[in-house]
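Student: I have a structure I would like to understand better, so I am pasting it below and will then ask my questions one at a time.
The values are calculated or read from the model by the stated rules, or taken from the named source; none is laboratory data. Bear in mind that the values here come from a model prediction, so they are computed numbers and not experimental data. Cβ: placed from backbone, ideal geometry, glycine included. Neighbour counts: every protein chain shown.
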Amino acid sequence: MKKILIFGCSFSRGSYKVSNNNAYIKKYNTKDEKIKGSKGWYNFVDYFKDKDVTVIATSSQGYWSWYQVLLMMGETNKLNFNEIWIQETNEPRVSLIDLKSIELNWNCIDIIDGIKRHYQPFSEKHKHLTRLELTYLGYGFFENVTSFIVKSFQNFCTKKNINGYVWSMHKPIMNCTKFTRLPLVNVWKELMTKELMATDHQTEEGNKYIGKLINKACIDMKM
């Protein structure tokens, strides 16, 4: 059975609803509350139905975190996958994460319709900066490092004989030389237009819609 690893951010954690919980809003600074045990977009992708799928969803994070986790998995014999899928979002998302803690807590997962999910939060020691602050303070530095990380991510997977597919909730990030880009960009805007978002994250109907887009792309690409 083909084994697939999916990297994503909060858009890959599941389905959301508008929260009426003031304590939740204060703690997470968002009105979108993930529905416990809910399905993600991958649960509605036909291509995954006969595959062994694992999802790593890193809220508010991106390629910096994914590449760190990828290297850790490679060093600890956890990277036994045939394909890697990436759900992109806005970048740069600068993150230095506690890899040892993630490694030791690797079995903290839930399983939804056979798909295994890992939620990897920020390290408590890490101060998160907004994208505007990063752009202003970095003078292009973080964008340049992100580009290097994205390229290194592809090269690492190629050396491991792992194929890859990418799609984006916003603008494309990866210059796909080794991976294959699906024709899904600015999906977030499309979901907003169709009223398939809670506030900033997709509802279950939104995830179903993403699944339909990917299903069509897979058919068109004869996957």
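Student: Can we say residue 78 is of a type outside the set (A, V, I, L, M), modelled with pLDDT under 90 and more than 24 Å from residue 37 (Cβ to Cβ)?
Tutor: In short, no.
Student: Could you list, in sequence order, the residues of segment 201-223 that are of a type in the set (D, E, K, R), closer than 16 Å to residue 180 by Cβ and at pLDDT 95 or above?
Tutor: 216, 220
Student: Can I ask one more? Residue 197 versus (1) over 21 Å from residue 83 (Cα atoms); (2) modelled with pLDDT under 95; (3) of a type outside the set (Asp, Glu): which is the lone unmet condition?
Tutor: (2)
Student: Filtering segment 164-186 down to residues that are of a type in the set (Phe, Trp, Tyr) and closer than 11 Å to residue 88 by Cα, which residue is nearest to the chain's Cα centre (by Cα)?
Tutor: Filtering first and then ranking leaves 167.
Student: Then there's this: Among the residues of segment 184-206, write down those that are in contact with a Lys or Arg (Cβ under 6 Å, 6 or more places away or on another chain) and of a type in the set (S, T, N, Q).
Tutor: Matches in segment 184-206: 199 only.
Student: Among the residues in segment 144-158, are any out of contact with any Lys or Arg (no Cβ under 9 Å at 6 or more places or on another chain), surrounded by fewer than 14 Cβ atoms within 10 Å (Cβ to Cβ), farther than 26 Å from residue 32 by Cβ and modelled with pLDDT under 95?
Tutor: Yes; the residues of segment 144-158 include at least one that is out of contact with any Lys or Arg (no Cβ under 9 Å at 6 or more places or on another chain), surrounded by fewer than 14 Cβ atoms within 10 Å (Cβ to Cβ), farther than 26 Å from residue 32 by Cβ and modelled with pLDDT under 95.
Student: Next up: Considering each of 27, 34, 49 in turn, give the residue that is of a type in the set (D, E, K, R), in contact (Cβ under 8 Å) with a residue 40 or more places away in the chain and at negative phi.
Tutor: Answer to the selection: 34.
Student: Could you please let me know if residue 39 is outside any loop (DSSP other than H, G, I, E, B), more than 24 Å from residue 150 (Cα to Cα) and either touching a strand residue (DSSP E or B) at 6+ places or on another chain (Cβ under 9 Å) or not aliphatic (A, V, I, L, M) (or both)?
Tutor: no
Student: Could you say whether any residue in segment 35-51 is more than 23 Å from residue 204 (Cβ to Cβ) and surrounded by 20 or more Cβ atoms within 10 Å (Cβ to Cβ)?
Tutor: Checking segment 35-51: not a single residue is more than 23 Å from residue 204 (Cβ to Cβ) and surrounded by 20 or more Cβ atoms within 10 Å (Cβ to Cβ).
Student: I would also like to ask the following. Does any residue in segment 73-90 that is farther than 15 Å from residue 184 by Cβ come within less than 8 Å, Cβ to Cβ, of a residue that is among the acidic types (Asp, Glu) six or more places away or on a different chain, and which pairs are these?
Tutor: 76/103
Student: Hey, another quick one. Taking segment 163-194, which residues are surrounded by 15 or more Cβ atoms within 10 Å (Cβ to Cβ), farther than 14 Å from residue 86 by Cα and of a type outside the set (A, V, I, L, M)?
Tutor: Of everything in segment 163-194, those that are surrounded by 15 or more Cβ atoms within 10 Å (Cβ to Cβ), farther than 14 Å from residue 86 by Cα and of a type outside the set (A, V, I, L, M) turn out to be 188, 190.
Student: Determine whether segment 18-34 contains at least one residue that is part of a strand (DSSP E or B) and among the basic types (Lys, Arg).
Tutor: yes
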